[in-house]
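Accompanying notes for the structure given below.
The values are calculated or read from the model by the stated rules, or taken from the named source; none is laboratory data. No experiment lies behind these values; they were computed from the predicted model shown. Glycine gets a Cβ as well: all are built from the backbone with ideal geometry, and neighbour counts include every protein chain shown. All accessible areas refer to the heavy atoms of the entire protein, side chains included, with ligands and DNA or RNA removed. Shrake-Rupley method; radii C 1.70, N 1.55, O 1.52, S 1.80 Å.
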Amino acid sequence: MKILVFADLHYFGGERKGFNAKRKLVEYAEPMIEEFKRISAHENVSLVINLGDIIQDTNDKLLDLLCLSMMFKKLKEFPCPVYSVLGNHDLKMADSIEEVESLIEQNRASFSVDIDGYHLVFLSPELHPEFGTKRGGSYKTQYIGKNTLRWLEADLANTHLPVLLFTHFPLADDPRVEDECAFLKNRDEVKQILLQNGQIKAVFVGHQHTPRFVEEDGIPYYIIGSPTTSLHEDGVPLGVYCMIETKGEELTILQRFITLQNNLSN
């Protein structure tokens with residue numbers, strides 16, 4: 001099985017204000033997704049996974065929902081199945097997670113599937129409107145809900161397969177990253193469930209934009225960077241994505257980079 005994983009495309013449909021437009025090269029979101037589509041066909045990829053923040057929110061609910069709908073339609077053009085989790089920017093302007101599930105035609109934001117001898121778990125954050133939209137909406141969406149935690153515990157208890165888990169917010173603590181907005185708030189609860197299971201082969205997350213690797217309590221955590229981020233604010237997108245290949249329980253996990261011309265018109 002071959003799995004292509006990407007995160008944090010940040011497609012943007014509004015005026016560029018309220019974020020660092022030199023760092024977030026949102027004009028590359030559509031070219032990147034087209035390149036992922038080409039790679040998927042050329043390399044016979046079995047599955048593509050979107051780790052969330054496929055859009056950059058605009059503080060305009062209708063525009064955000066329109067952009068989400070458009071980008072998820074593009075995911076349906078891939079030559080293989082595409083599974084997604086939701087990120088904070090995807091959810092910020094929504095009134096409920098059910099509203100977004102309906103829009104993107106995905107029955108559940110958190111779910112699991114068995115493919116080629118692996119149990120794949122997709123874990124999305126949920127909305128807590130009482131936290132408002134402070135600091136870009138991260139606080140509003142920075143939790144896994146209690147019902148989802150109970151579902152996760154039961155789901156993992158019912159499988160004997162090796163597990164790959166995909167979610168948006170990083171779970172493993174990392175002394176290199178000090179901002180609490182860079183992590184899931186109730187990550188300790190999630191990690192306790194993962195440790196109880198004992199079958200977690202790897203966890204893949206997005207949100208932090210810079211590729212990183214952390215191992216915590218014997219579980220490897222891969223932070224997939226943002227392909228549309230410019231690390232040096234020089235107009236060059238990072239172009240990063242991840243390719244996972246499985247042979248039995250053996251995993252090969254490769255970080256790859258796409259090089260695109262930096263003279264795209266907006």
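Taking all protein chains into account, the per residue accessible area for segment 148-261 stands at 45 Å² (1.4 Å probe). Partner lysines whose Cα lies under 19 Å from the Cα of K185, excluding those fewer than 8 positions away in the same chain, are identified as K92, K134, K140, K146. Bridge orientation summary for the chain: considering DSSP beta bridges with both residues in this region, about 55 percent are antiparallel. Our note on the geometry: Cα centres of segment 44-71 and segment 214-264, 18 Å apart.
When all alpha carbon pairs of segment 25-127 are counted in 10 Å bins from zero, the resulting P(r) reads 14, 46, 32, 7, 0 %. The reciprocal of the average 1/r between distinct C-alpha atoms defines the Kirkwood hydrodynamic radius, which for the chain equals 18.5 Å. When Rg and the Kirkwood Rh are both derived from Cα coordinates, the Rg/Rh ratio for segment 1-59 amounts to 1.06.
Note on K247: lysines with a C-alpha under 28 Å away, same-chain residues under 8 apart excluded, are K2, K37, K76, K191, K201. Round to a whole number: what % of the accessible area of the chain belongs to carbon and sulfur, probe 1.4 Å? Within the chain, the accessible surface is 47 percent carbon and sulfur.
For GluC sites (Glu not before Pro), the sites in segment 40-105 that DSSP calls loop and that have at most 16 other Cβ atoms within 10 Å are E43, E77, E105. When each of the peptides 64-73, 245-254, 2-11 is scored by the mean number of other C-beta atoms lying within 10 Å of its residues, the order from highest to lowest reads 2-11, 64-73, 245-254. A Cβ-based charge dipole, computed about the Cα centre of the chain with Lys and Arg at +1 and Asp and Glu at -1, lands at about 380 debye.
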